[in-house]
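The next block holds one structure in the form of structure tokens; read it before the comments.
The values are calculated or read from the model by the stated rules, or taken from the named source; none is laboratory data. Since the model is a prediction, treat every value here as computed from it, not as a measurement. Cβ sites come from the backbone with ideal geometry, for glycine too, and all protein chains shown count toward neighbours. These area figures cover heavy atoms from the full protein model, side chains too; ligands, DNA and RNA do not enter into them. Shrake-Rupley method; radii C 1.70, N 1.55, O 1.52, S 1.80 Å.
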There are 2 protein chains.
Amino acid sequence: MRRGTNLPWVGDYNQAVVLDGVRRHPGTSRTDLAAATGLTLQTVSNIVRRLIERGLVQEGEPLLRPGARAGGKPRTALAVRPGAALAVGLQFEREHVDAVLLDLTGDVLAVDREPLPDPPDATGGATGGAAEAAVARATAVVRRLVRTRGSADAVLGVGVAVPGPLDFAGPVRSSAINLPGWRGVAVADMLTASTGLPVLVENDATAAAVGDLWRSRRVGRSFLYVHVGAGIGGGVVVRDEVLRGESGNAGEIGHVVVEPAGPPCSCGAVGCLEAVAAPAAVVRRYAERVGREAARAAGLRLAERSVLDDHDRLGVRAAAGDEVAAAELRTAALAVARVVLGVVNVVDVSEVVLGGAGLRHAGERVRDAVRAGLGLAMTREVHPVEVRFSDAGEQAGALGAASAVLHEALSSTWVGVHVPAREIVISPVAPVH
Amino acid sequence: MRRGTNLPWVGDYNQAVVLDGVRRHPGTSRTDLAAATGLTLQTVSNIVRRLIERGLVQEGEPLLRPGARAGGKPRTALAVRPGAALAVGLQFEREHVDAVLLDLTGDVLAVDREPLPDPPDATGGATGGAAEAAVARATAVVRRLVRTRGSADAVLGVGVAVPGPLDFAGPVRSSAINLPGWRGVAVADMLTASTGLPVLVENDATAAAVGDLWRSRRVGRSFLYVHVGAGIGGGVVVRDEVLRGESGNAGEIGHVVVEPAGPPCSCGAVGCLEAVAAPAAVVRRYAERVGREAARAAGLRLAERSVLDDHDRLGVRAAAGDEVAAAELRTAALAVARVVLGVVNVVDVSEVVLGGAGLRHAGERVRDAVRAGLGLAMTREVHPVEVRFSDAGEQAGALGAASAVLHEALSSTWVGVHVPAREIVISPVAPVH
């Protein structure tokens with residue numbers, strides 16, 4: 001059975017609605033909020049008073065609107081207090097961990113990047129020596145970021161973006177198939193113990209989608225976030241709700257079969273998008289076609305850790321007239337476009353947001369292919385599907401993970417209702433020293 | 001901005017929770033409901049009293065539990081009053097319209113089927129003569145069904161399942177690409193005018209998914225409903241919420257590309273699942289391989305309206321040793337399995353429900369292929385993905401559309417919140433005479 005509630009739900013829900021309105025529209029007024037939310041002015045005023053008391057919202061100068069009645073009471077501009085709440089975001093990649101510190105307005109206060117050591121044993125194990133080393137490095141970065149603020153007092157928690165699959169049953173475990181040595185890693189527990197901060201874990205592309213949602217001023221958005229990094233992942237948002245699925249693993253567009261006779265994929269299937277269109281696949285096909293020697297002569301290093309650089313190099317070469325590079329990048333772009341079309345038909349969104357390091361030099365090709373493909377979307381006569389690049393850069397996952405912490409903490413009521421099973425925030429313990 | 005609410009939300013939400021509990025668990029008691037919902041016994045009792053006053057719930061015999069304390073107050077069994085609310089469901093197919101009449105418990109009171117005339121002009125037009133003829137026939141069926149109950153008083157409305165795409169902006173329009181002559185058909189307006197009842201429109205496979213959800217006693221389900229009929233469609237439910245997408249067109253798994261070098265699809269793309277694996281594709285390939293004469297000799301009629309019968313015939317022949325028939329059905333089953341794997345990876349569900357007339361003789365083959373494919377699901381180490389047949393038979397869409405009416409009417413608060421944009425119920429006008 002569904003669980004009901006004895007809590008004063010409306011109050012909390014409306015409080016989240018008002019706080020969200022102030023955050024998205026700095027300079028708004030109580031009157032504007034009442035008009036936009038459908039709440040009475042009295043209700044809005046009461047909520048704003050409580051938010052000011054809690055230090056989450058601050059008043060600015062009285063607003064004098066052009067055409068305002070002389071003698072009418074001026075409206076007071078409202079804004080969130082940026083330092084009232086901070087969040088750290090981490091993003092684990094094969095070669096490094098990215099970190100950001102966000103304030104309540106979503107402004108980036110600091111960014112950091114820490115290289116990760118080569119995995120001691122690429123086959124990994126349940127205890128994951130590689131993951132432990134990565135978490136130790138990440139902890140150091142979190143401490144550095146928090147130290148820039150003097151103390152961890154305002155830090156609500158650490159959001160962690162990792163590639164899937166995740167297991168939210170029991171301690172949150174990551175078995176990221178694209179991170180060597182990550183099998184059943186209890187990443188939330190490990191980071192909570194090492195940083196002393198609450199930790200929230202999110203699939204990396206879903207985190208990026210949450211970030212895009214959190215930064216946006218529009219509401220009612222439905223979009224697919226496509227992340228092309230070492231792997232290919234996706235995040236789905238439908239009418240402002242993040243689609244997490246049964247176990248927080250929704251969005252794995254990299255494992256939609258796109259070439260039934262294609263190469264085997266790390267997931268065990270054959271011809272998945274990731275196996276056809278991820279940077280490693282493009283680099284491998286190029287080297288196969290021209291030969292490893294010619295590929296090296298073309299500037300490729302052909303090492304596991306240099307895949308993204310090699311992929312960039314192919315982008316540069318394609319632009320300079322290397323037809324093999326262009327053909328392989330085109331194959332990848334068309335595969336992405338084909339899968340995006342299928343996924344958009346399944347989830348029915350009106351925006352596709354593209355991000356990730358795999359688009360540094362191949363982005364426009366992918367964007368154009370996706371746009372062309374979406375001309376055949378089932379909903380083409382119902383609503384257009386826009387395609388654009390993420391504005392989050394390569395820290396999209398880290399930014400998104402930090403946004404997820406703010407989102408979870410500040411709009412907990414309605415998020416809690418919509419995603420009741422995702423209780424993955426671990427209680428705070430002693431702050432970092 | 002999100003819209004807040006000044007309504008006494010909690011009361012309505014809890015009322016929906018309690019009614020849902022009584023409906024799913026006939027014979028439950030106030031004490032059981034309190035335990036299962038987390039509401040206080042007092043709150044449950046108040047809500048039950050209101051539900052009894054409204055005639056939605058009725059009390060049965062006092063329950064004497066084994067081991068109940070002697071002298072303890074006996075618990076009273078509760079159940080919904082079946083006749084308190086009825087709903088009609090319609091499902092438009094190429095050759096006929098199916099109709100059902102459901103009571104509040106979900107029991108089927110009556111079923112009916114009306115053949116549809118051949119479309120006068122297969123290319124159709126904005127006014128859709130074919131659709132008008134179909135709606136006229138459907139109206140006759142609705143009247144027949146309602147007449148079996150004497151009056152339309154308890155009928156909450158008519159749910160209509162149609163193939164996509166739908167347009168919910170303005171009057172609900174259907175442009176079902178699998179129904180000749182259906183382009184921009186304002187099916188809700190037409191049926192409201194002709195029947196005098198409120199009308200709700202749903203994509204056919206999504207309707208079937210809603211029906212599966214409504215009949216289920218379990219909660220917290222996440223599943224993909226796969227409909228193989230003349231076309232192939234899908235419905236997605238994540239943690240009991242129906243995924244409708246931006247415009248109510250989510251779930252179009254038939255338009256995921258599965259054979260990039262495959263046949264052109266009616267949607268304009270190439271190699272979509274529907275173009276490879278729908279009954280018409282299987283029949284066409286069989287006829288191409290053995291020749292039309294041999295296909296006719298094998299019992300196929302090879303007419304547009306006989307596709308499902310011909311497909312059944314191939315299923316029978318495959319079982320009897322026709323290797324070409326078996327091979328073509330296998331090709332289709334593998335294509336379905338491949339797309340289901342990809343879609344399950346994208347939406348992360350733990351159940352796949354298979355239904356539709358295209359599975360009458362090919363069902364086990366498809367089920368086994370889907371099961372085998374899902375052995376490679378990204379979440380295979382996190383949770384299993386079960387595969388089973390729908391228990392709704394070929395009226396799944398009609399049953400689901402009727403269930404959607406009940407769902408919408410009786411749990412309107414939380415449905416209204418979760419799917420705020422789907423305000424497609426048209427106000428009732430005069431009842432049918």
So B:Met378 clears everything in (1) buried (at least 20 other Cβ atoms within 10 Å of the Cβ); (2) within 13 Å of another protein chain (Cβ to nearest Cβ); (3) part of a helix (DSSP H, G or I); (4) not β-branched (Val, Ile, Thr) except one condition, right? Which one?
(3)
Just to check your reading of the model, which residue among B:Ser350, B:Ser306 is under 26 Å from B:Thr206 (Cβ atoms), polar (S, T, N, Q) and in the same structural domain as B:Val238 (by the TED database)?
B:Ser350
Name the residue, out of B:Gly245, B:Gly268, B:Gly231, that is more than 8 Å from chain A (Cβ to nearest Cβ) and of a type in the set (Gly, Ala, Ser).
B:Gly231
Could you grab me the full set of residues in region B:341-376 that are more than 23 Å from B:Leu329 (Cα to Cα) and hydrophobic (A, V, I, L, M, F, W, C)?
B:Val346, B:Val347, B:Val349
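This table checks each residue for (1) farther than 25 Å from A:Val352 by Cα; (2) buried (at least 20 other Cβ atoms within 10 Å of the Cβ); (3) within 10 Å of chain A (Cβ to nearest Cβ); (4) over 17 Å from the mean Cα position of the chain (by Cα).
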position	(1), (2), (3), (4)
B:Ala205	no, yes, no, no
B:Arg218	yes, no, yes, yes
B:Arg221	yes, no, yes, no
B:Gly235	no, yes, no, no
B:Arg239	no, no, yes, no
B:Ala250	no, yes, yes, no
Which one is farthest from the other protein chains (Cβ to nearest Cβ), of the residues in region B:30-42 that are of a type outside the set (D, E, K, R) and surrounded by fewer than 21 Cβ atoms within 10 Å (Cβ to Cβ)?
B:Thr31
Run down B:Arg388, B:Arg330, B:Arg367, B:Arg360 and say which single residue is within 18 Å of the chain's Cα centre (by Cα), open to solvent by 20 Å² or more (accessible area, probe 1.4 Å), more than 8 Å from chain A (Cβ to nearest Cβ) and modelled with pLDDT of 95 or more.
B:Arg388
Could you run through region B:299-320 and say how many residues are not in a helix (DSSP H, G or I) and not small (Gly, Ala, Ser)?
3
Scanning region A:135-157 for residues that are closer than 15 Å to A:Val201 by Cα and either free of Cβ contacts under 8 Å to residues at least 40 places away in the same chain or out of contact with any helix residue (DSSP H, G or I) (no Cβ under 6 Å at 6 or more places or on another chain) (or both) gives A:Ala138
Suppose we filter B:Val48, B:Val111, B:Val57, B:Val80 for residues that are at pLDDT 90 or above and under 20 Å from the mean Cα position of the chain (by Cα); which single one remains?
B:Val111
Looking at A:Gly170, A:Gly150, A:Gly184, A:Gly157, which is the one that is under 29 Å from A:Asp20 (Cβ atoms), modelled with pLDDT under 85 and assigned by the TED database to the domain that holds A:Glu132?
A:Gly150
Restricting to region B:266-286, what's the tally of residues that are in a helix (DSSP H, G or I) and surrounded by 22 or more Cβ atoms within 10 Å (Cβ to Cβ)?
10
Restricting to region B:252-265, and then to whatever is in contact with an Asp or Glu (Cβ under 8 Å, 6 or more places away or on another chain) and not in a loop (DSSP other than H, G, I, E, B), can you tell me which residue is nearest to the other protein chains (Cβ to nearest Cβ)?
B:His255
